[in-house]
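The values are calculated or read from the model by the stated rules, or taken from the named source; none is laboratory data. All values reported here derive from a predicted model rather than from experimental measurement. Reconstructed Cβ throughout: ideal geometry from the backbone, glycine too, with neighbour counts over all protein chains shown. Quick note on the areas: whole protein, heavy atoms, side chains included, nothing else; ligands and nucleic acids left out. Shrake-Rupley method; radii C 1.70, N 1.55, O 1.52, S 1.80 Å.
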Protein chains: 2
Amino acid sequence: MPDFTDNLRPSQPDGPTTLARERAESNISPKELSHHLLSADGFLERQSRILSIVQLEPLFSKEKQQNLSRPQRFKLGLARAKLLRRLKDQHKWSHDEYKMAEYLVDDVSPYFFAPGNASEAQRAEWMPLIESWKIVGAYAQTELGHGSNVRGLELEARWDGKTKEFILHSPTLTASKWWNGSLGRIANHAIVVAQLLLPKDGSENKYVSHGPHPFIVQVRDMKTHLPLSGVVVGDIGPKYGYITMDNAYMLFNHFRIPHSAMLSRYSSVNPNTGIYTKPEQPALVYGSLTYVRAQIVHHARLVLARAVTVAVRYTAIRRQFQDRDGDKHGPEMAVLDYPTVQIRILPLLATAFALHYTGQSMRAIYQSTREDVEQGDFRSLAHMHSMSSGLKSLCTMLAADGVETCRRAMGGHGFGGGSGLIQLNNDYLSKPTVEGDNWMITQQVAAYLIKKMTAAVDSLASPASDKTDAIFKEYIRNRGSSPSGLDVLASDRDVVKSFELRATTLTYDVYEQRVLKKKSWNSLLIQLHKLSKAQSQSILVTNFFESLSTNSSLSDSTKSVMWELFRLFAFYTMENEAFEFFRCNAVTKSALDGLPARVQELMSRIRPHAVNLVDSWMIPDYLLDSALGRYDGRIYEDLYNRAHRLNPLNKITFNPNYWEDEIVKGSGESGASILSKL
Amino acid sequence: MPDFTDNLRPSQPDGPTTLARERAESNISPKELSHHLLSADGFLERQSRILSIVQLEPLFSKEKQQNLSRPQRFKLGLARAKLLRRLKDQHKWSHDEYKMAEYLVDDVSPYFFAPGNASEAQRAEWMPLIESWKIVGAYAQTELGHGSNVRGLELEARWDGKTKEFILHSPTLTASKWWNGSLGRIANHAIVVAQLLLPKDGSENKYVSHGPHPFIVQVRDMKTHLPLSGVVVGDIGPKYGYITMDNAYMLFNHFRIPHSAMLSRYSSVNPNTGIYTKPEQPALVYGSLTYVRAQIVHHARLVLARAVTVAVRYTAIRRQFQDRDGDKHGPEMAVLDYPTVQIRILPLLATAFALHYTGQSMRAIYQSTREDVEQGDFRSLAHMHSMSSGLKSLCTMLAADGVETCRRAMGGHGFGGGSGLIQLNNDYLSKPTVEGDNWMITQQVAAYLIKKMTAAVDSLASPASDKTDAIFKEYIRNRGSSPSGLDVLASDRDVVKSFELRATTLTYDVYEQRVLKKKSWNSLLIQLHKLSKAQSQSILVTNFFESLSTNSSLSDSTKSVMWELFRLFAFYTMENEAFEFFRCNAVTKSALDGLPARVQELMSRIRPHAVNLVDSWMIPDYLLDSALGRYDGRIYEDLYNRAHRLNPLNKITFNPNYWEDEIVKGSGESGASILSKL
């Protein structure tokens, strides 16, 4: 219905005018920078090609999806996932192309399965079925009572030598599988991890557990899609995010599965004797976990870039108050010109670049480690595992907190659905917990570093075995001598060294506590966590520095802003941990005193380029789904359109009289009609 | 449908066993402590009385509400709000009793209206209609383009001397009212704030704005509930939280309202001459804002206590891994026994108490300031306004961030709907923005302190006019002399003084920058924000200290734990800002070096009392709506019940085959059927 608001325009200067000016006044070329950031593996080309396909599909429209109920939203997610797969067939998409489509549509897919641990024979049997989606699989490891501590899982797989079957049984409620993606409503098969119980000394009454092992199990009927007898399985219900994912609970009641169900790549049970063969290379199990963590680190930059894109564009357009010291004429100030807005958004803009270079480096190291391992050289595995643990923890924390910081920096409209950050935030908040809780896995970093420090102390006279060893040995030799002499305000290389020195000092401290003073591990946990954070921050700063130092393709003007971003990231991080840098003798008190002014100065230099810098991340409007963050700056028009034309609540006229039970005007329908849904 | 899982129990020791042991092993009496905290104005008695009424109403059941769509959820919210009001009539509830019922049901009510600025005559006309809910009102101030800067509002109210009417008109899209609660679908009247445009020098063509003024306006037809002609009004759509609130947009097209519509308590227009009479006591407008901020501060403790209650109970029951240095026999460790879990939850437990004492103090100061003002004494108003601004900013930040910290500390289950923290978090995240953005209003604190410091410098020889003046004068006299000599690790009073000294030093720094060096206001904003935070932290620490020092009714055992909580709050805060305390000479380096160990020691002393301490907040299970936080500890049974018996998604059998368009098995309904909702 047309009305007088159809012809109204926002007050001037409006969004398009403002963004055009912002873009013209910076000498950074988003085209050049986006090529530098995202062209390496064809990402940009793939994004624009797949985008042109998916954004035409009506089923992929995001305009009203925030209004749906959980069941409706799940149906939509399933319909989209099916369509995505059909498009894959139709366009003969590669795996990367399919993943790009999923990324742009931005629904967590209820089809999610990565099988592992199968023997070659098992792979030959199952993989064609899995890859063709003839069967839908799920991975069922975590339980109601156990997540991180896999050894504590309670589901039992007891070997029955007579029938040559395993009997899956849940002895307790806490033995219920829990959280297992795709399994709640969609999957018909699952890889189920259970305690392998084998007869002790050939006895038929005594069993001993050989620890958790994976079994492939059909759990639903292929025709009716109902659970098989002896299986109770369902979706665990609403969650913070992941609304389109059917995370499952599942229990078994003396459920029998054949001998062939046990995935036997690394271990097996002899069907005739019931005798267990142990894994040959337990180190290999690190592999997939490390890969997933490396992926998470690499992905974090795009999550943060997305939030920062919205925040920079909106706050560049949004105006509020005139300069208190000014003449009070002219227009109000752009919100992004206030240092209190800059200090929340611009360090996060710098962080997105920091995450980028470390994500890239992680991928390269993963690749080379994998090649080493395939050639039987396991030496780099522990380093890679430690690094991926610490970085997963730090980077997901930076991205998750960063999204919320951006949202709050946008004030009232940041709380609205037009921010485009609600689902992003809800979904991403799973990341600090999944694939190793962010506070737990930092122990793995510390354990590795303590080991390296112990080795360095013990072999001080020998030549350094690797870079970490060299740094540690230099530290040990210089320990207790005069201040470091690092001048972080004057030298970028000294900034890198100060981060290194702080992490190394903290390493030595925990080495001293744990190895020399024999303190209990648990009493040191907070220190170990701080160490992991310091080490991971040092990696981020080092990779940022080295990438800029070695890259020669960027133009001078772009490169100079990139260096400012490097400094902003480093100094902002340093300021937040100032006392620790001071205590570790890594930065002088006078330099620390100078940091706030330096940070503010860097922000004022980066500010004019902020819009072009976020443009360089090339996040498409379709993915942003944000009135506040759209490329053309028509924020108020979009907010109004969402409210006035797209909001289904405005189709309903309510009865506001409290003494009348009717809810929808003229319907006579009473409040009690809602009771059936409660 | 019964199945084999009906008889399953969680593994032992289960939740009830664990919590019983936790409760028995602490010598804190929750009964005593809850009386101390919550009995003052009859809160506890009221809570239990109202609870027994509301939890019996089927419409107030929270069991499945997370599954509803926005429109369904809004209908439910409206039905509940109507029922609450009917219960008020039925039980003859006082305002406090009605508010208690609303708090327990925990839906933001779409009936929300607090009229102000009306003259006595206007109040006589409107209040009976408003209080009887014969009309439903809303307050419409903020606009699409302007929030904090009220002077920048664009809606016009132009005086037409011929007809003696005001003409409301929205000249731009950004002039649209926006965010106004209750107005989107429910209210039929609104207090509308618009630029008062009066003829300039009696001219009929030239108008001049006298700034924003409030008008009471009917916007919907009382019979049809449809918007009146010339009014476009609706709900702005889905948001982060506040799902049951119809925040509005509203525009006017040359909409005429009578002269009597202008609320004329403080200012008025002569209907015959069009001449404007100015407000007499502009200071009074501080009043309601300050009241709301004081309420927000007082409420924050209950929000945080709620999250901490859930986190403490769950992590006391949840077990994970055996002690790495132990013998690996016995059960796994309770998660709350890990220092890395304690460091996230226990300082927040201490913070809830800190917020409590300051909330109490704020209420008392508000009351006495109000009495002063009513007797014509405005001197304490600026202090109260400054304090309420800084504390609103700090306390809502502590509570909002605290809820999320608790949620993450609960790992996987913290991400699930059974945490009870999802709606709490979504709703509460409005608080850092509403009633003065948390980053903006800190300027008000700093401006006040700069003024006070200037006065102290200028009147150094005169006796102190108040406590702040005394502290500032002492600081100025001692400036530049030897270190403070405060021993924070040994003396609680020195802890308070060190917070005071830090805030005073930061005040002097900004005084120097702004008043002596004439730095621009905007260039100092980050420093001003830090100052406000330091000042507000000092107030929290001081009130905590003074409440414990003067209270004599608590038993020795309880009081001694309360002092540990005071120290934990103070030291934890101090550690996070260590470099600032150091730079301000408020704490020595060696004391700061000792803080981490002291914090850990305090946590280990508080840990045995954690469950009894959260019990003392007496948050009812009905309000918590949390499987993880329930009083009886049956966390796993409740999580399973929600998943297996209450989840509507499990009533639907899906068709998982991607090559078939059908979504619900056997229904034939295709994915395209969802398109109508997109």
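Quickly rank A:317-324, B:671-678 as a protection proxy: mean count of other C-beta atoms within 10 Å, highest first.
Values: A:317-324: 19.4, B:671-678: 15.0.
The peptides rank, most packed first, as A:317-324, B:671-678.
So what is the 222 nm mean residue ellipticity for chain A from helices alone, if each DSSP H run of at least 4 adds -39500 (n - 2.57) and you divide by all residues, rounding to the nearest 500 deg cm²/dmol?
Details: 21 runs with 327 residues, N = 678.
Only helices count here, giving -16000 deg cm²/dmol.
Relative to the other copies, what are the label-point distances for B:TRP521, with labels 7 Å from Cα along the C-beta vector, expressed in nm at one decimal and sorted shortest first?
Result, one decimal in nm: 5.7.
Please give the residues from region A:499-537 for which the solvent-accessible area of heavy atoms, probe 1.4 Å, is smaller by at least 20 Å² with all protein chains in place than with the chain isolated.
Hits at the 20 Å² cut-off: A:ARG514, A:TRP521, A:ASN522, A:SER523, A:LEU525, A:ILE526, A:LYS530.
Which percent of the accessible heavy-atom area of region A:287-613 goes to carbon and sulfur, probe 1.4 angstrom?
Values: 5800 of 11400 Å².
For region A:287-613, the apolar C and S fraction of the accessible surface comes to 51 percent.
How far is B:GLU662 from itself in the other copies, in nm, if each label sits 7 Å out from Cα along the Cα-Cβ line, shortest first?
Once sorted, the set of distances for B:GLU662 reads 4.1 nm.
Hey, if you put +1 on the Cβ of every Lys and Arg and -1 on every Asp and Glu Cβ in the protein assembly as shown, which of B:TYR511, B:MET100, B:PHE654 ends up farthest toward the positive end of that dipole?
Result: B:PHE654.
Give me the net charge of A:ARG479's neighbourhood, meaning all other residues with Cβ under 13 Å from the Cβ of A:ARG479; Lys, Arg count +1, Asp, Glu -1. It would help to have the intermediate numbers written out before the result.
Numbers: positive: A:LYS473, A:ARG477; negative: A:GLU474, A:ASP509, A:GLU512.
That sum, taken over residues with Cβ under 13 Å, equals -1.
Show which lysines lie in cross-link reach of A:LYS452 when reach means a straight Cα distance below 24 angstrom and same-chain residues fewer than eight apart are skipped.
A:LYS392, A:LYS467, A:LYS473, A:LYS497, A:LYS517, A:LYS518, A:LYS519, A:LYS530, A:LYS533
Under a 1.4 Å probe, what is the accessible area of region B:298-366 per residue, stated in Å²?
Values: 1850 Å² over 69 residues.
That works out to 27 Å² per residue.
For the residue pair B:SER482 and A:LYS467, what label-to-label distance in nm results when each label sits 7 Å from Cα along the Cα-to-beta-carbon direction?
Each label point is offset 7 Å from its Cα along the Cβ direction, giving 5.0 nm.
In peptide A:240-249, what is the residue-averaged number of other protein chain Cβ atoms found within 10 Å of each Cβ? Before the final figure, lay out the partial values.
Values: counts 10, 2, 1, 0, 0, 0, 3, 4, 1, 7.
That average works out to 3.
Please say if region A:120-280 is rounded, prolate or oblate, where rounded means a/c under 1.5 for a ≥ b ≥ c the square roots of the C-alpha gyration tensor eigenvalues, and otherwise the choice is prolate for a/b larger than b/c and oblate otherwise?
Details: a/c = 1.82, a/b = 1.42, b/c = 1.29.
Here region A:120-280 falls in the prolate category.
Please name whichever of A:SER553, A:GLN444, A:THR542 sits farthest to the positive end of the charge dipole of region A:430-577, dipole taken about the Cα centre and charges placed at Cβ: Lys and Arg +1, Asp and Glu -1.
Most positive-ward Cα: A:GLN444.
Based on a Kirkwood Rh over C-alpha pairs, give the Stokes-Einstein translational diffusion coefficient of region B:284-391 at 25 °C and viscosity 0.890 mPa s in µm²/s. All intermediate terms of the calculation are to be shown ahead of the outcome.
Numbers: Rh = 16.6 Å.
The estimated diffusion coefficient comes to 148 µm²/s.
Determine, for each peptide in A:56-65, B:472-481, B:614-623, B:499-508, the mean count of other beta carbons within 10 angstrom over its residues, then list the peptides with the highest first. Could the numbers behind the result be given before it?
Working: A:56-65: 15.5, B:472-481: 13.5, B:614-623: 20.7, B:499-508: 24.4.
Those peptides, ordered most packed to least, come out B:499-508, B:614-623, A:56-65, B:472-481.
For the cross-link pairs A:LYS328/B:LYS239; A:LYS200/A:LYS278; A:LYS75/B:LYS177; B:LYS88/B:LYS239; A:LYS162/A:LYS200; B:LYS62/B:LYS239, which exceed 24 Å when the distance is taken from alpha carbon to alpha carbon? Before the final figure, lay out each step's value.
On the way: A:LYS328/B:LYS239 34 Å; A:LYS200/A:LYS278 16 Å; A:LYS75/B:LYS177 36 Å; B:LYS88/B:LYS239 29 Å; A:LYS162/A:LYS200 15 Å; B:LYS62/B:LYS239 20 Å.
With Cα atoms farther than 24 Å apart: A:LYS328/B:LYS239; A:LYS75/B:LYS177; B:LYS88/B:LYS239.
Would you please classify the overall shape of chain A from the alpha carbon gyration tensor, given that a ≥ b ≥ c denote the square roots of the eigenvalues, rounded means a/c under 1.5, and beyond that prolate means a/b larger than b/c while oblate covers the rest? Could you put the intermediate results ahead of the total?
Working: a/c = 2.00, a/b = 1.11, b/c = 1.80.
Because a/c hits 1.5 or more and a/b fails to exceed b/c, chain A counts as oblate.
Along region B:365-373, what does the Karplus equation 6.51 cos²θ - 1.76 cosθ + 1.60 (θ = phi - 60°) give for ³J(HN,Hα), rounded to whole Hz, x for Gly and Pro?
5, 4, 4, 6, 4, 4, 5, 4, 4
Counting only other chains, and only Cβ atoms inside 10 Å, what mean value do you get across the residues of A:579-589?
Details: counts 13, 2, 1, 6, 6, 0, 0, 0, 0, 0, 4.
Taking all residues of A:579-589 together, the mean is 3.
Using the Karplus curve 6.51 cos²θ - 1.76 cosθ + 1.60 with θ = phi - 60°, work out ³J(HN,Hα) for each residue of region B:401-416 in order, rounded to whole Hz, and write x for Gly and Pro.
Once rounded to whole Hz, the list reads 5, x, 4, 5, 4, 4, 4, 5, 5, 8, x, x, 5, x, 7, x.
Within a 10 angstrom radius of each residue's Cβ in A:433-444, how many Cβ atoms of other chains show up on average? Whole number is fine.
Numbers: counts 8, 3, 0, 0, 6, 2, 8, 6, 0, 1, 2, 0.
Average neighbour count from other chains, rounded to a whole number: 3.
Using alpha-carbon positions, what is the distance between the centroids of region B:293-322 and region B:384-420, in Å?
9
So what is the relative contact order for region B:210-341, in percent, with contacts set as C-alpha pairs under 8 Å and at least six apart? Intermediate results must be reported in sequence, preceding the final value.
Numbers: 100 pairs, mean separation 17.5, N = 132.
Computed value for region B:210-341: 13 percent relative contact order.
As an exercise, find the ratio Rg/Rh for the protein assembly as shown from alpha-carbon atoms, using the Kirkwood inverse-distance average for Rh.
On the way: Rg = 31.8 Å, Rh = 33.4 Å.
The Rg/Rh ratio comes out at 0.95.
Can you give me the distance in nm between label points at B:SER549 and A:LYS589, each placed 7 Å from the Cα along the Cα-to-Cβ direction?
2.9
When a/c is below 1.5 the answer is rounded, else prolate if a/b is larger than b/c, else oblate, so apply that to region A:47-150 with a ≥ b ≥ c taken from the square roots of the Cα gyration tensor eigenvalues.
Details: a/c = 2.35, a/b = 1.33, b/c = 1.77.
Oblate, since a/c reaches 1.5 and b/c is not below a/b.
Ignoring ligands, DNA and RNA, how much accessible area is buried between chains A and B, both sides summed, with a 1.4 Å probe, to the nearest 100 Å²? Please list the in-between numbers first.
Details: alone 32910 and 32920 Å², together 52090 Å².
Heavy-atom accessible area buried at this interface is about 13700 Å².
Once fully extended, how much extra length lies between A:HIS95 and A:TYR622, figured as 0.36 nm per residue of separation less the alpha-carbon to alpha-carbon distance?
Numbers: separation 527, 0.36 × 527 = 189.72 nm, distance 2.11 nm.
Computed gain between A:HIS95 and A:TYR622 is 187.6 nm.
Return the whole-Å distance between the Cα centroid of region A:1-73 and the Cα centroid of region B:90-160.
If you average the Cα positions of each part, the centres end up 38 Å apart.
How high is the relative contact order of chain B, in percent, counting Cα pairs under 8 Å that sit 6 or more residues apart? Mind dumping the intermediate values first?
Values: 1001 pairs, mean separation 106.6, N = 678.
Averaging sequence separation for qualifying contacts and normalising by length gives 16 percent for chain B.
Which percent of the accessible area of region A:109-192 is formed by carbon and sulfur heavy atoms (probe 1.4 angstrom)? Let's see the in-between values first.
Details: 1620 of 2890 Å².
That fraction is 56 percent.
Taking the label point 7 Å from Cα in the Cβ direction, how far apart in nm is B:THR277 from each other copy of itself, listed shortest first?
10.0
In sequence order, what are the phi-derived ³J(HN,Hα) couplings for region A:660-667 according to the Karplus relation 6.51 cos²θ - 1.76 cosθ + 1.60 with θ = phi - 60°, rounded to whole Hz, with x for glycine and proline?
Using θ = phi - 60°, the values come out as 10, 7, 4, 9, 9, 3, x, 7 Hz.
With a 1.4 Å probe and all protein chains left in place, how much accessible area per residue does region B:120-280 have, in Å²? Can you show the working numbers first?
Numbers: 6410 Å² over 161 residues.
Solvent-accessible surface per residue comes out at 40 Å².
Take peptides A:390-402, A:304-316, A:161-173 and line them up by average Cβ neighbours within 10 Å, highest first, as a rough protection proxy. Walk me through the intermediate numbers first.
Working: A:390-402: 25.6, A:304-316: 28.6, A:161-173: 18.4.
Listed from highest to lowest mean packing, they are A:304-316, A:390-402, A:161-173.
Any residues in region B:622-646 that have 20 Å² or more less accessible area with all protein chains than in their chain alone, probe 1.4 Å, and which are they?
Listed in order, they are B:TYR636, B:LEU639, B:TYR640, B:ALA643, B:HIS644.
Percent relative contact order of region A:120-280, based on C-alpha pairs within less than 8 angstrom and at least six residues apart?
Working: 354 pairs, mean separation 39.8, N = 161.
Value for region A:120-280: 25 percent.
Calculate how many DSSP beta bridges within the protein assembly as shown are antiparallel, expressed in % of all such bridges and rounded to the nearest 5.
Values: 72 of 86 bridges.
Beta bridges within the protein assembly as shown, antiparallel portion: roughly 85 percent.
In terms of the ratio Rg/(2.2 N^0.38 Å) built on C-alpha atoms, what value belongs to region B:287-613? Walk me through the numbers before you get to the answer.
Details: Rg = 20.9 Å, N = 327, 2.2 N^0.38 = 19.9 Å.
Normalised Rg, Cα atoms only: 1.05.
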